[in-house]
Amino acid sequence: MTSRPGWTVRPISIPDSLDSPDAWVLHGLVAVQREVHEASWGHADLHLPAEMRLAVMRDQMRTERLGFVAVRDPLPQTPGPEDVLGVSLVTMERTGNTHAASMGVLVRPERVHEGIGTALADATEAAVAAKGRTTVILDIEHPGEPPVDAPDVVTPPTGAGRIAGDAAGVAFARGRGYSLEQGERFSTLHLPLPDDSVVDTFLTESLAAAGDDYETVTWQNTCPEELVEEMSALATLMTTAVPVAGLDLVEHVWTVEELRQQEATNREAGHDTLVTAVRHRPSGGLVAYSEIAMPTLYRWLAFQDDTLVDPAHRGHRLGMLMKAKNLVELRTLRPELARLHTWNAEENRHMLSINEALGFEPTGVVALWQKKLV
């Protein structure tokens, strides 16, 4: 592992519990994420608390998860979270995209420009290469989005999504040989809305547009047994039916077992889920779904996760139908909800238009950079 005067890089070990003697690394990882997100966004909504992070890292069924931390060197006799200076986390699918790895690197704001990020990325790239991965996707968050006519703007080949050319992450990614492939818009809906009737109107109008051939089905946390195979098929479709720009990604087949494991991980991590799906009455099958994740620790916070409409059933306003339905459900489930975050490919204009109509506001851009290791 890389060492410099004052710090060294080491692999992350998953502790048995949050009270284990070695759990200081996990708590430090969480602290780094919190500091970076607060500096970037003015809040820590996007960090995973230690309970959630431990549950996610334990779930290795569908995705192998590993990482590295930069820690003080020498360490005090009893190290603590404050001794973790930076972190890199990587995920690798066990089936489907077995050639690829997704990586994120974060460094405490007061410790940037010391080579910590570079050392973490070096260690991570070496580890994924040793596992036979040949493509690395690096995500870097950027608050705001520069105007179209701003000087030195960087855009992916899709032409959608802009980041400032002088942003630190740009030099970091380019210096390591990464190419910008896609921009994801990070958007936020602030609640309560000034006028709930706007969502009610969208729900009424989209129900009318869908007509008698479609009906909604809503559940929390656990997919009904009679629907789980269809949901697995839709989750599989989600891996290819959404825009991926030039990212080297292929289909990942979700099994029923993986879907149930994901539900179990959500429960352990303290995430409630709300799902509205659409059934096509003539065929009896599910053709669309939209999912919201709600941390139980923070009842004022939620995340709009996957939304998918089977391409064969687009053009009936099913996307708006599901999102409006979920927002109506949230009034009862989480009346204290203050912020709902979501991410969409910048070239996914249709879904962005739905979000904008509902009141989501652009918050920033997540740049997805790609590098071939061989």
Quick check: residue separation of D19 and T240 times 0.36 nm, minus the Cα distance between them. What number comes out in nm?
75.5 nm
Helix 318-333 against the longest principal axis of the chain: what's the angle in degrees, Cα atoms only, rounded to the nearest 10?
80 degrees
Restrict the search to the stretch 270-374; then list the trypsin sites (Lys or Arg not before Pro) that DSSP places in a loop and that have at most 16 other Cβ atoms within 10 Å of their Cβ.
R299, R314
Quick one: length gained pulling H43 to E225 fully straight, 0.36 nm per residue minus the C-alpha distance?
61.7 nm
Roughly how big is the chain's charge dipole about its Cα centre, with Cβ charges of +1 (Lys, Arg) and -1 (Asp, Glu), in debye to the nearest 20?
760 debye
Among V9, A209, W254, whose Cα sits farthest toward the positive end of the charge dipole of the chain (+1 at Cβ of Lys/Arg, -1 at Cβ of Asp/Glu, about the Cα centre)?
V9
Where a ≥ b ≥ c are root eigenvalues of the Cα gyration tensor, a/c under 1.5 meaning rounded, otherwise prolate if a/b exceeds b/c and oblate otherwise, the stretch 1-83 counts as oblate
Options F360, T218, P143, ranked by Cα towards positive dipole end of the chain, top entry (Cβ charges):
P143
Would the stretch 213-365 count as rounded, prolate or oblate if I go by the C-alpha gyration tensor, calling it rounded below 1.5 in a/c and otherwise prolate when a/b exceeds b/c, oblate otherwise?
rounded
What one gets for the chain as the Kirkwood radius, inverse of mean 1/r over different Cα pairs in Å, is 21.9 Å
Roughly how many Å is it from the Cα centre of the stretch 347-370 to that of the stretch 172-191, as a whole number?
12 Å
Can you give the FRET efficiency to the nearest 0.05 for V253 and Q77, using r as the Cβ-Cβ distance and R₀ = 41 Å?
0.25
Using just the Cα positions, wrap the stretch 179-256 in a convex hull and report its mean projected area in square nanometres, one decimal place.
8.4 nm²
Here the gain from full extension of L373 to V328, 0.36 nm per residue of separation minus their alpha-carbon distance, amounts to 11.5 nm
Rel. contact order, % - alpha carbon contacts under 8 angstrom, at least six apart, the chain:
20 percent
Percent RCO, i.e. relative contact order, over the stretch 239-296, from Cα pairs under 8 Å lying at least 6 residues apart
26 percent
For K372, counting only aspartates and glutamates whose alpha-carbon sits under 16 Å away and dropping same-chain residues fewer than eight positions off, the answer is D122, E125, D139, E181, D248
Cα-based reach from K371 at 30 Å (exclusive), listing lysines while leaving out same-chain residues under 8 positions away:
K131
With a/c under 1.5 counting as rounded, go ahead and sort the stretch 21-173 into rounded, prolate or oblate using the C-alpha gyration tensor (a ≥ b ≥ c being the square roots of the eigenvalues; past the cut-off, prolate if a/b is larger than b/c, else oblate).
oblate
Using helices alone, I'd like the mean residue ellipticity at 222 nm for the chain: each DSSP H run of four-plus residues gives -39500 (n - 2.57), total over residue count, nearest 500.
-10000 deg cm²/dmol
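Bear in mind that the values in this text are calculations on the coordinates, not laboratory data. Given the structure is predicted, the values throughout are model-derived calculations rather than measurements. Glycine also receives a Cβ, built like all others from the backbone with ideal geometry; neighbour counts cover every protein chain displayed.
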